[in-house]
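Here is the structure we will look at.
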Amino acid sequence: MHRRGVGAGAIAKKKLAEAKYKERGTVLAEDQLAQMSKQLDMFKTNLEEFASKHKQEIRKNPEFRVQFQDMCATIGVDPLASGKGFWSEMLGVGDFYYELGVQIIEVCLALKHRNGGLITLEELHQQVLKGRGKFAQEVSQDDLLRAIKKLKVLGSGFGIIPVGGTYLIQSVPAELNMDHTVVLQLAEKKGYVTVGEIKSSLKWEVERAKQILEHLLKEGMAWLDTQAAGEPQYWLPALFTELYSQEITPEEAKEAIP
Amino acid sequence: MDRFSWTSGLLELGETLVLQQRGVRLYDGEEKVKFDSGVLLLSTHRLIWRDQKNHECCIAIPLSQVVFIEEQAAGIGKSAKIVAHLHPASPNKEPGPFQSSKYSYIKLSFKEHGQIEFFRRFSEEITQRRWENMPAGQTIQVNKDPQAGRIRAVGIVGIERKLEAKRKETDKNISEAFEDLSKLMEKAKEMVELSKSIANKIKEKQGDITEDETIRFKSYLLSMGIANPVTRETHGSGTHYHMQLAKQLAGMLQTPLEERGGIMSLTEVYCLVNRARGLELLSPEDLVNACKMLEPLKLPLRLQIFDSGVMVIELQSHNEEEMVASALETVSEKGSLTADEFAKLVGMSVLLAKLLLAEKMGHLCRDDSVEGLRFYPNLFLTQS
């Protein structure tokens, strides 16, 4: 079969090249492509069989999902790359994680006026579960992290910051460098941090500490309490626990910033 | 065969699986028994046999019951076997399939081979006697601590067995699912290897690949979720699927865009589109790849990427200069403008308003304090 009818000369030349490759025992790319096509069909069948037996398991069992994801990663396959992928279509993993992505975005958007776009993984988890209702599939923190990693591709500033034993999820494109991260981690214990603490724990100059804290203030991720005994305290709403937090409107939030 | 006890097949705390083999039949001495097709599992503590057809049917014997084992070679029409000579059953053994037996040995018949490896590992475990170092949860402790032996009423046994069966069911599902998953992954791995080989050949031009074939290849990669290693194409990771998507998006987003000042962030688009679809959602990557094709396909929308990395979809008719000019007018009228105010005016999201203004600040002067960003007309520029 001629793929390109560019003239007898070109055809002959191609045939010669092909023959040369075949002689050397090299398999041509287009032959391998044909092979791949066949193997793909077979794989699709195998996956369908697997899905018919175990699709429920993936739906219901977060630990199994973790194992599944890890195995995919090990062999170099991303089951969440595309909604058109086999994994997504036949196992339904795609819809699960992509919908979770939407729910995560919505929660972060709803709470942004309060925490500046920073939220703990725990709080995100709680809020997402609330939004999903009690008959929805179980969602684990691992599931959230995977969905967030995929959201990064949208360029909207999703980031995962390790603090204490958990993570802070960033959902705005505010630039947070190592300095900011370290201050966030310092603030994690009490929910707030002061210039003095930064100086003594991190051994920074006052100027550096102030610059970082002001950036967090500007982004709305930190609130300033000038009425605290001793030096002013920079509080992070993202780290407020149930004990401290209360619903607050954007207007009130604005007034809180001096 | 009377040394066996019914079990859930779950491993206890401290017990590790060493080896398993399918297609094993059991013999009570020289006689075949009804356990003719099962998976034989060797753990550090026990020998477990589970029926391949009926997973509920699961029996086990502690390794401490084994005196010694020997091999029996295969013959014509006969599978290779392992003969296991056993201690007498202990009086407080858990109930099993047989109350009594006239033999003190059993045979394991390997109908699907695997006897050599199994014998080797079996011997190892019997020699090492690892079960003595790691007393497992509530397994049959035959030689240990008879006082601690639990006296249970039959009723409780029944309830506990039901609970264990339920646990086992879940676990069995998982372990079977896991087995099947591992096999599936092996095949997927072959596909990955093959695709790498093809990609290499494309790179080194071993054989000619047409553009059509390249697109086909990319769609194979998309189906499998394999990252595209070949980067010489003009359309990014675009496939026919993404081209179609791009056209769909163009239709779908026209009105929403007009309602939002002509511009939307990709996150907004992602939520909007997926909420509308309900099923067969787009992955973030699908969306990005489709948007990358908007301009090449000359659709009325385009993808723009800001310095901060934020990605937006804009109407082609959306003109940056006009936006800034109108912002300038608004500012001059009111004196100054924050991003919030601008966003409300134009109808776009605050985030985008911030970005647009910040990026096109030539005409505007900014006051960047902790109170937020505020823009003033740049009198230096305009009044010169």
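The values are calculated or read from the model by the stated rules, or taken from the named source; none is laboratory data. The model shown is predicted, which means the values in this text are computed figures rather than measured ones. Neighbour counts are summed over all protein chains in view; Cβ atoms, including those assigned to glycine, are modelled from backbone coordinates with ideal geometry. The protein model used for the area step is the full one, side chains on, heavy atoms only, and it has no ligands, DNA or RNA in it. Shrake-Rupley method; radii C 1.70, N 1.55, O 1.52, S 1.80 Å.
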Excluding same-chain residues fewer than 8 positions from A:LYS14, which aspartates and glutamates have a Cα within less than 17 Å of its Cα? A:GLU23, A:GLU30, A:ASP31, B:GLU204, B:ASP208, B:GLU211, B:GLU213
Among chymotrypsin sites (Phe, Trp or Tyr not before Pro) in segment B:49-126, those in a DSSP loop whose Cβ has at most 16 other Cβ atoms within 10 Å are B:PHE98, B:TYR103
Segment B:1-97: D in µm²/s via Stokes-Einstein (Kirkwood Rh, Cα pairs, 37 °C, 0.692 mPa s)? 234 µm²/s
Loop-resident sites, segment B:38-75, for trypsin sites (Lys or Arg not before Pro), counting at most 12 other Cβ within 10 Å (DSSP): B:LYS53
Listed residues A:ALA229, A:ALA110, A:ALA51; largest mean-square fluctuation, Gaussian network over chain A with Cα springs below 10 Å, found at A:ALA229
Determine which lysines satisfy two conditions relative to B:LYS354: a Cα distance under 26 Å, and not lying fewer than 8 residues away in the same chain. A:LYS112, A:LYS149, A:LYS150, A:LYS152, A:LYS210, A:LYS218, A:LYS254, B:LYS292, B:LYS334, B:LYS344
Can you sort A:LEU202, A:LEU184 by solvent-accessible area, 1.4 Å probe, largest first? A:LEU202, A:LEU184
So what is the relative contact order of chain A, in percent, for Cα pairs below 8 Å that sit 6 or more residues apart? 14 percent
Interchain or sequence-distant (5+) residues whose placed amide H lies within less than 5 Å of the amide H of B:HIS45 are B:THR16
Taking loop as defined by DSSP and a crowding limit of 15 other beta carbons within 10 Å, which trypsin sites (Lys or Arg not before Pro) in segment A:114-177 fit? A:LYS134
Taking each residue of A:99-111 in turn, how many C-beta atoms of other protein chains fall within 10 Å of its C-beta, and what is the average? 3
Over the alpha carbons of chain A, what is the largest minus smallest coordinate on each principal axis, giving the biggest first in Å? 89, 46, 32
Could you pull the accessible area for B:LYS196 with a 1.4 Å probe, rounded to 10 Å²? 110 Å²
Quick one: if you take sqrt(5λ) for each eigenvalue of the C-alpha gyration tensor of segment B:3-58, what semi-axes come out, biggest first, whole angstrom? 20, 12, 11
Please compute the volume of the convex hull spanned by the alpha-carbon atoms of segment A:86-201 and report it per residue in Å³. 116 Å³
Could you tell me the calculated FRET efficiency between A:LYS152 and B:GLU117, based on Cβ-Cβ distance and R0 = 51 angstrom, to the nearest 0.05? 0.65
So how exposed is A:THR74, as accessible area in Å² (1.4 Å probe, rounded to 10)? 120 Å²
Using a 10 angstrom cutoff on alpha carbons, build the Gaussian network for chain A and name the most mobile of A:PHE68, A:PHE240, A:PHE96. A:PHE68
Quick one: order A:HIS215, B:HIS113 from most to least accessible surface, probe 1.4 Å. B:HIS113, A:HIS215
Springs between alpha-carbon pairs under 10 angstrom, Gaussian network model over chain A: which of A:GLY94, A:GLY196, A:GLY230 fluctuates most? A:GLY230
Which of the lysines could a cross-linker span from A:LYS53 if the Cα-Cα distance has to be under 23 Å and same-chain partners fewer than 8 positions apart are dropped? A:LYS44, A:LYS84, B:LYS53, B:LYS166, B:LYS168, B:LYS172, B:LYS183, B:LYS187, B:LYS189
Inter-chain shielding metric for B:184-190, i.e. average beta-carbon neighbours from other chains within 10 angstrom, reads 6
Could you state how much accessible area is buried at the B-A interface, both sides summed, with a 1.4 Å probe, in Å² to the nearest 100? 5800 Å²
Solution diffusion estimate, µm²/s, Stokes-Einstein, segment A:55-130, Kirkwood Rh from C-alpha pairs, 4 °C, viscosity 1.567 mPa s: 93 µm²/s
Step by step: find N for segment B:232-314, compute 2.2 N^0.38 Å, then divide the Cα radius of gyration by it. What's the final number? 1.02
Rounded to the nearest 0.05, what FRET efficiency do B:ASP340 and A:GLN126 give with R0 = 30 Å and r taken as the Cβ-Cβ distance? Could you check? 0.55
For a quick check of understanding: with a 1.4 angstrom probe and all protein chains in place, what accessible area in square angstrom does B:ARG129 have, to the nearest ten? 90 Å²
